[in-house]
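Beneath this line is the structure, given in structure tokens, with notes to follow.
The values are calculated or read from the model by the stated rules, or taken from the named source; none is laboratory data. Predicted, not measured: the structure shown is a model, and the values here were computed from it. Please note: Cβ atoms are built from the backbone with ideal geometry, for glycine as well, and neighbour counts cover all protein chains shown.
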Amino acid sequence: MIGDRIVIKEEHIKKASIILPFITSLTKKTKKKFIKIVVGIGGESGTGKTEINTVIQRLLWEKHKLRAKQIHLDDYYITNWQNRNKIRKEKGLSSIGICEIQWDKLNQVVKRFKSHKKKLYVQRIHMYTDSIEYVIANNRNIDILLMEGLYTLYLCKFGLIDLPIYLEGSIKDTYQFRKERYKENPDDTFRKLVLIRESKEVRRTKKYAKVVIPWAIKE
């Protein structure tokens, strides 16, 4: 989502460096002229998905000259960002989770990417204008699609992710990082209930992961 605050820390760089070889090993296996690999990064709120994804994108180019584009699950919610909490309160906590995402649109993005169509259409949510903006990218200039978000690994159900990665971390673990990022107030009573519900939903997707990155990285 445009307007999100990104706080990249040393731990994010370390985790990105651990993930990088898994991605490059897949690129070496393909004999096609155009590499088309989809990497999915999922995990609970505050595990650093966006930050790690951003570092991976940079490292792929700087170290391997591989061209990657980021896709953020936050840009594909059914409800708009400004009214989401209001709608959640009206519908109840059971309305929160995997069912909030426009999976059909995400499926179309991935399938178009894989099909080598000339253009790739991606939507972005602008936090400050509460509107949808569309990006048209040259698909032939993209080798790797880096998808990240709470429930991203759910796309494995449709066979659309080549490398599903799960970032571990509990609500307690990620509290300080969520507070620093301050996307939403982590001390708000309703937000705490949302996090508990999201955590339960995210853990459902861990079974799809081929790579699990622990919360604490040993030196």
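Here are some notes:
- Failed item, numbered, when ASP162 is tested on (1) within 22 Å of MET1 (Cβ to Cβ); (2) in contact (Cβ under 8 Å) with a residue 12 or more places away in the chain: (1)
- Evaluation of GLN176 against (1) within 24 Å of LYS9 (Cβ to Cβ); (2) surrounded by 13 or more Cβ atoms within 10 Å (Cβ to Cβ) (one fails), failing number: (2)
- Top-ranked residue of segment 2-19 - restricted to ones that are among the charged types (D, E, K, R) and part of a helix (DSSP H, G or I), ranked as nearest to the chain's Cα centre (by Cα): LYS15
- Among the residues of segment 138-153, the one identified as without any contact (Cβ under 8 Å) to a residue 60 or more places away in the chain and in contact with a helix residue (DSSP H, G or I) (Cβ under 7 Å, 6 or more places away or on another chain) is ASN139.
- Number of the exception - SER45 against (1) under 22 Å from ASN138 (Cα atoms); (2) among the polar types (S, T, N, Q); (3) at pLDDT below 95: (1)
- Which listed residue is touching a residue at least 60 places away in the same chain (Cβ under 8 Å), buried (at least 18 other Cβ atoms within 10 Å of the Cβ) and hydrophobic (A, V, I, L, M, F, W, C), from ILE101, ILE35, ILE19: ILE19
- Among residues of segment 164-213, those that are among the acidic types (Asp, Glu) and closer than 21 Å to ILE87 by Cα, counted: 5
- Pairs where the first residue, in segment 72-92, is surrounded by 19 or more Cβ atoms within 10 Å (Cβ to Cβ) and the second is aromatic (Phe, Trp, Tyr), C-beta under 7 Å, 6+ apart: LEU73/TYR151
- In segment 1-42, of all residues being polar (S, T, N, Q) and closer than 20 Å to CYS156 by Cβ, the one that is modelled with the highest pLDDT corresponds to SER25.
- Only a single item in (1) in contact with an Asp or Glu (Cβ under 8 Å, 6 or more places away or on another chain); (2) modelled with pLDDT under 95 is not met by ARG140, and it is number (1).
- Some residue of segment 20-37 being within 14 Å of the chain's Cα centre (by Cα), more than 23 Å from HIS126 (Cβ to Cβ) and not polar (S, T, N, Q): no
- A count restricted to segment 124-172 and to residues that are surrounded by fewer than 16 Cβ atoms within 10 Å (Cβ to Cβ) and touching a Lys or Arg at 6+ places or on another chain (Cβ under 8 Å) stands at 9.
- Residue check, THR152 touching a Phe, Trp or Tyr at 6+ places or on another chain (Cβ under 9 Å) and closer than 28 Å to ASN83 by Cβ: no
To keep it simple, each residue is scored yes or no on (1) within 26 Å of THR79 (Cα to Cα); (2) among the basic types (Lys, Arg); (3) under 14 Å from the mean Cα position of the chain (by Cα); (4) assigned to a strand (DSSP E or B).
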{"position": "ARG112", "(1), (2), (3), (4)": "yes, yes, no, no"}
{"position": "HIS116", "(1), (2), (3), (4)": "no, no, no, no"}
{"position": "TYR121", "(1), (2), (3), (4)": "yes, no, no, yes"}
{"position": "ARG124", "(1), (2), (3), (4)": "yes, yes, yes, yes"}
{"position": "TYR128", "(1), (2), (3), (4)": "yes, no, no, no"}
{"position": "TYR134", "(1), (2), (3), (4)": "yes, no, no, yes"}
{"position": "LEU146", "(1), (2), (3), (4)": "yes, no, yes, yes"}
{"position": "LEU155", "(1), (2), (3), (4)": "yes, no, yes, no"}
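- Among the residues of segment 60-71, just one is in contact (Cβ under 8 Å) with a residue 60 or more places away in the chain and part of a helix (DSSP H, G or I), namely LEU60.
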